[in-house]
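Written out below as structure tokens is the structure these notes cover.
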Amino acid sequence: MKPGYKFLRNILFGLLVTGTVVFISLFAAGYVKLSAQNTEACFACHEDPDLTADRNGKKVSMYVNPAAYKKSVHSMAECVDCHTGYNPDELPHSKTPVKVDCKSCHQESLKGIEAGVHKQVNCYDCHTKHDVAPGKEIRVNQTQNCQKCHNTKGIQQYKTSIHAKKNVGCEGCHLGGHSSKKISKNEVAATCGKCHGSHEKNFNNSVHQTVLQSGNQNAPTCTDCHGSHQILTSKMTIESQSCLKCHLDEKLFPGEGRGSAKFVADYKTSVHASIEKGGKEAAGCSDCHGDHMIQDPNNPQASTIRAKMLETCGKCHQQEVEHFKKSQHGTELMKGNFKAPTCASCHGEHNIKSVVSSKEFTKLNQVELCLSCHVDQKLPHKNYKGEEVLISNYKDSYHYRALQEGKLNAATCSDCHGAHEMKKFDDPEAQIYKKNIAKTCGQSDCHTKQLGDYNGSIHEQSLLDKNNPDAPTCNTCHGNHQILKKDESESRIASSKGLVQLCSDCHNSVEMTEKYDLPTGRTESYLESFHGLAVRGGSKVAANCESCHGNHNIRPSTDSLSTISKKNLPETCGKCHPGAVTAFFNTPIHIVKPEEENPWMYWVTNFYIFMIIAVIGGMVLHNVVDFSKKFKKKK
Amino acid sequence: MKTQEEYVIRFNLSERIQHVILFVSLIMLLITGLSLTYYDSWLGRMMIEIEGGLQGRGRLHNLFAFILIALCVYHAFYITFSDKGHKEISHLKFRKKDFKKLIPGLKFSMGLNTNKPSSGRYNISQKFQYWGVVLGCAVMIVTGLILLLKVWGIAMIVPKWLWDITGVVHSNEGILIFIVLFLWHIYDVHLSPKIFPMNKVWLTGKISKQELQSEHPEEYEEIYGKEFVSDKQ
């Protein structure tokens with residue numbers, strides 16, 4: 001190596017070291033000098049609140065609050081650390097404004113935000129410019145911060161929401177901070193579920209979620225019903241509108257069948273919708289269909305399927321459902337009889353009407369409703385004897401005809417059978433149980449007078465007190481469904497002949513008279529009497545059973561209230577035979593054993609029988625003898 | 001037969017008319033009455049149908065009952081106040097000799113006795129028939145009136161046991177009258193071999209001298225004297 005080259009290398013090294021030292025010294029000296037000088041220098045002008053600058057023809061405030069700046073986390077930084085590229089000596093400091101780039105220092109923390117929704121947002125939009133607050137502080141007022149930008153009407157309503165009251169801010173759902181995000185429809189449930197876990201779980205089992213996850217974005221999630229920002233109380237106040245928003249849309253739910261928009265539209269005419277309770281519908285969609293875990297109506301878990309309907313309706317209509325459960329309809333339903341009706345079978349589904357004020361439940365329409373199942377043959381009906389009986393012949397009854405004539409107090413099906421409490425005739429609680437029939441027919445506004453008469457009658461007493469199942473009550477004589485007026489010719493009790501036959505059904509039956517020790521020979525003795533003779537001949541005025549014994553108030557002659565008690569006989573007979581006196585009645589009316597009851601009559605009858613036989617015999621003998629003798633003589 | 005047979009007037013016109021009225025009303029009463037008694041039989045039902053139903057039957061029965069009552073009243077006056085009637089009733093009275101002839105008469109009828117007991121204007125059989133009708137009508141009228149008035153309410157003073165008897169009597173007496181009239185009287189005046197087809201005396205009122213002599217010898221004697229004895233035996 002040449003000695004000159006070594007020297008040069010030493011010189012160069014010396015220069016480099018010296019240069020470095022000088023550069024560092026200069027840089028250090030210059031930095032201290034610049035910062036001290038610049039921040040103060042900057043505030044010399046920028047602490048003036050009136051300082052403005054012209055930006056694209058607009059006056060922009062150039063004021064920086066020094067106090068706020070000094071409090072901020074950036075107080076140790078110089079203005080020029082952020083505002084690079086400015087020449088403080090020139091005015092304006094720069095020909096083109098230079099954006100503050102926070103990344104130069106905050107590279108790490110900005111990684112998150114660059115992937116998020118706020119990547120286009122300037123840091124200072126949230127953190128502010130000179131009084132930059134740390135994340136901790138921002139988080140405290142995050143919601144207000146968000147609303148500075150997110151100030152659409154919808155989001156502004158957040159202020160009145162339940163979340164605002166409960167201090168659940170934007171970050172509660174949208175995470176906040178640099179990881180703030182949009183919530184897609186599919187994520188909504190999970191988001192809400194962070195707090196409302198049980199509801200999310202229910203919702204996840206609902207038909208809405210199933211449809212949503214199948215890719216149909218029309219299916220609702222939490223926010224579709226509850227709203228997104230303006231969520232009010234936990235109970236939906238707008239539920240019908242919420243549900244109907246979609247379910248009335250014929251494009252979404254076409255057709256006419258179940259589930260269609262038209263089918264749902266009936267709800268609006270229902271009593272549930274038309275009556276308000278506390279400012280809302282008496283019963284909204286969710287009251288019947290459930291809320292979060294709403295199911296397809298065919299799903300066995302749906303609250304509106306037959307098996308669950310009682311429970312569902314019973315939430316409000318407790319008493320009715322309790323009655324119904326005990327009814328024949330209810331027991332059949334619970335046994336699983338698919339023919340048995342449930343609430344909707346009679347009341348309808350969406351178009352449920354008031355039974356009091358709607359046409360659907362007028363007494364006449366009720367007949368059609370019941371007969372739609374109980375028509376002959378379709379649903380055989382058996383009476384207590386096990387005979388199939390007609391029900392549709394109710395339409396021939398006076399009850400039905402009176403209804404048609406507008407007499408609305410006439411009985412329809414439910415008046416006798418009960419509506420929800422309808423039970424079979426053999427159920428002791430049934431309104432049509434034999435022992436209850438009189439009470440049913442005699443209920444207030446109906447046949448009260450007749451019930452009053454019947455009470456205490458021998459028929460009533462033997463039925464109720466002696467538990468005699470054959471004793472007659474109202475329907476024994478008047479019939480069941482086809483009840484006619486007394487003066488209608490087809491009625492069994494219209495004619496005396498029919499009435500006598502009716503009473504004779506029991507009182508002339510060997511079986512009955514033996515079983516219950518009834519007095520015998522009533523019918524025969526009556527039919528042989530003058531009254532009976534006249535009635536058999538078609539007389540309409542001659543006395544029949546009822547004329548003397550009464551009808552509803554039949555009592556034994558030993559009862560002082562009886563029409564045939566000795567005391568009352570003059571009055572009873574006097575109806576036809578004015579002036580009848582007690583002395584008249586010293587022998588029984590029905591002569592069954594004349595030798596005891598009227599011996600005179602007995603002997604007179606026998607005398608005549610003897611006489612008739614004797615005369616016939618004598619005359620025949622005489623004539624034969626006389627004839628043969630004269631005949632011979634004539635020859 | 002002799003064309004100019006001698007005859008005697010036995011019944012005058014009044015009596016013949018009374019008889020016609022009597023038998024017409026009795027027949028009608030029997031038809032209408034028995035059809036009710038035997039209402040249960042087909043014949044009874046048919047008869048009531050013909051009589052205009054039960055009500056028509058009743059009206060018809062009542063009508064002829066009043067005719068009969070009127071006749072009875074007239075007859076009562078007739079036998080009391082008219083000479084002919086008064087005479088007739090004295091002939092119809094039962095006398096001791098009538099009963100004495102009762103047994104021989106029966107014997108004769110049975111062929112045990114060849115001598116027919118003589119009789120007056122009315123033989124015992126006819127007397128029985130007359131008084132039978134009188135008694136029968138009396139019973140029927142009394143009981144019938146009770147039954148009729150019962151419906152009208154006036155007879156409520158009659159006790160029920162009597163009513164019951166009344167009913168029994170009225171219907172049985174009716175049957176009895178029917179039997180007596182048809183077996184006895186109709187036989188006597190229509191069916192009896194000598195008389196068949198009919199004894200015309202109820203129409204003409206005349207009885208031939210010969211018949212008067214054979215049937216009512218005592219009356220014959222009274223009219224023609226005893227000198228003419230015509231007994232062929």
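What average count of beta carbons from other chains do you get within 10 Å of the Cβ of residues in A:536-546? Mind showing how you got there, number by number?
Numbers: counts 3, 9, 4, 4, 0, 1, 2, 0, 0, 0, 0.
Other-chain Cβ atoms within 10 Å of each residue's Cβ, averaged: 2.
Can you give the accessible area per residue of chain A, in Å², using a 1.4 Å probe?
Heavy-atom SASA per residue in chain A reads 64 Å².
Report, in deg cm²/dmol and to the nearest 500, the calculated mean residue ellipticity at 222 nm for chain A, where each DSSP H run with n ≥ 4 adds -39500 (n - 2.57) and the sum is divided by the residue count.
Details: 37 runs with 310 residues, N = 635.
Dividing the helical sum by the residues of chain A leaves -13500 deg cm²/dmol.
For a 29 Å ceiling on Cα separation, which of these pairs sit above it: B:107/B:194; A:353/A:486; A:59/A:99?
Numbers: B:107/B:194 19 Å; A:353/A:486 37 Å; A:59/A:99 18 Å.
Distance filter (> 29 Å) returns A:353/A:486.
Ignoring ligands, DNA and RNA, what percent of the 1.4 Å accessible area of the range B:81-183 is carbon and sulfur? Let's see the in-between values first.
Values: 3970 of 5430 Å².
About 73 percent, which is the carbon plus sulfur part of the accessible surface.
Provide the per residue accessible area, probe 1.4 Å, for chain B, rounded to a whole number of square angstrom.
Numbers: 13620 Å² over 233 residues.
Per residue, chain B has 58 Å² of solvent-accessible surface.
Could you report the accessible area of residue A:539 in Å², rounded to 10, computed with a 1.4 Å probe on the protein chains as they sit in the structure?
Here the residue's solvent-accessible area equals roughly 30 Å².
Hey, what's the per residue convex hull volume over the C-alpha atoms of the range A:265-413, in cubic angstrom?
Working: hull volume 21.6 nm³, N = 149.
Enclosed volume per residue, from the Cα hull, is 145 Å³.
If DNA, RNA and ligands are ignored and the probe is 1.4 Å, what is the ranking of B:163, B:42 by accessible area, most exposed first?
Working: B:163 20, B:42 175 Å².
Accessible-area ranking of B:163, B:42, largest first: B:42, B:163.
Is there a pair in A:103/A:136; A:182/A:308; A:119/A:251; A:129/A:185 whose C-alpha atoms are over 30 Å apart, and which pairs would that be?
Details: A:103/A:136 19 Å; A:182/A:308 40 Å; A:119/A:251 39 Å; A:129/A:185 35 Å.
Over 30 Å Cα-Cα: A:182/A:308; A:119/A:251; A:129/A:185.
Using protein heavy atoms only (no ligands, DNA or RNA), what is the total accessible area buried between A and B, 1.4 Å probe, nearest 100 Å²?
On the way: alone 42100 and 15410 Å², together 53980 Å².
Buried: approximately 3500 Å² between B and A.
Going through the cross-link list A:165/A:194; A:407/A:485; B:97/B:209; A:58/A:95; A:540/A:575, which pairs have a Cα-Cα distance over 20 Å in this structure? Provide the component values of the computation, followed by the final result.
Working: A:165/A:194 18 Å; A:407/A:485 14 Å; B:97/B:209 24 Å; A:58/A:95 15 Å; A:540/A:575 15 Å.
Table pairs above 20 Å Cα-Cα are B:97/B:209.
Just reorder A:185, A:136, A:449 by solvent-accessible area, largest first, 1.4 Å probe, all chains present. If you can, show how the numbers build up before the last one.
Details: A:185 50, A:136 165, A:449 140 Å².
Reading off the accessible areas and sorting them downward yields A:136, A:449, A:185.
At q = 0.07, 0.10 Å⁻¹, work out log10 I(q)/I(0) for the protein assembly as shown with the Debye formula, treating every Cα as an identical point scatterer and leaving solvent out; two decimals please.
Relative scattering, expressed as log10 I(q)/I(0), comes to -0.85, -1.17.
Mind checking which lysines have their C-alpha under 18 Å from residue B:84, skipping anything on the same chain fewer than 8 residues away?
Output for residue B:84: B:93, B:127, B:206.
Which percent of Cα pairs goes in each bin when the distances of the range A:188-300 are cut into 10 angstrom slices starting at zero?
In whole percents, the pair-distance histogram is 13, 45, 35, 8.
Averaged over peptide B:163-173, how many Cβ atoms belonging to another chain are found within 10 Å of each residue's Cβ? If you can, show how the numbers build up before the last one.
Values: counts 6, 14, 8, 2, 5, 12, 5, 0, 2, 7, 4.
Per residue, the number of nearby Cβ atoms from other chains is 6 on average.
Just tell me which aspartates and glutamates come within less than 19 Å, Cα to Cα, of residue A:632; anything on the same chain fewer than 8 places away is out.
B:188, B:211, B:215, B:231
Among the lysines, which fall within straight-line cross-link reach of residue A:439, defined as a Cα-Cα distance under 17 Å, with same-chain neighbours fewer than 8 residues apart omitted?
Qualifying lysines at Cα under 17 Å: A:423, A:424, A:449.
Looking only at other chains, what is the average number of their beta-carbon atoms within 10 angstrom of each beta-carbon in A:598-605? It would help to have the intermediate numbers written out before the result.
Working: counts 7, 1, 5, 9, 3, 2, 7, 6.
Partner Cβ neighbours, averaged per residue: 5.
Please state, as a whole number in µm²/s, the translational diffusion coefficient that the Stokes-Einstein equation yields for the range B:7-224 at 25 °C and 0.890 mPa s, with Rh defined as the Kirkwood radius across alpha carbon pairs.
Translational D for this selection: 126 µm²/s.
Please report the net charge: other residues with Cβ closer than 13 Å to the Cβ of residue A:132, K and R +1, D and E -1. Could the numbers behind the result be given before it?
Details: positive: A:70, A:71, A:129, A:136; negative: A:81, A:125, A:131, A:137.
Cβ neighbours under 13 Å give a net charge of 0.
Add -39500 (n - 2.57) for each DSSP H run of 4 or more in chain B, then divide by its residues: what number comes out at 222 nm, to the nearest 500 deg cm²/dmol? Intermediate values should be presented prior to the final figure.
Values: 11 runs with 154 residues, N = 233.
About -21500 deg cm²/dmol.
For a Förster distance of 35 Å, can you work out the FRET efficiency between the beta-carbons of residue A:393 and residue A:337, rounded to the nearest 0.05? Intermediate results must be reported in sequence, preceding the final value.
Values: r = 26 Å, r/R0 = 0.73.
According to the calculation, E is roughly 0.85.
Quick one: accessible surface of residue A:306, probe radius 1.4 Å, all protein chains present, in square angstrom to the nearest 10.
Using a 1.4 Å probe on the heavy atoms, I get roughly 90 Å².
The values are calculated or read from the model by the stated rules, or taken from the named source; none is laboratory data. Everything numeric here is computed off the predicted structure, so don't read it as measured data. Cβ coordinates were reconstructed from backbone atoms using ideal geometry, including for glycine residues, and neighbour counts include every protein chain displayed. SASA here: full protein model, heavy atoms, side chains in, ligands and nucleic acids out. Shrake-Rupley method; radii C 1.70, N 1.55, O 1.52, S 1.80 Å.
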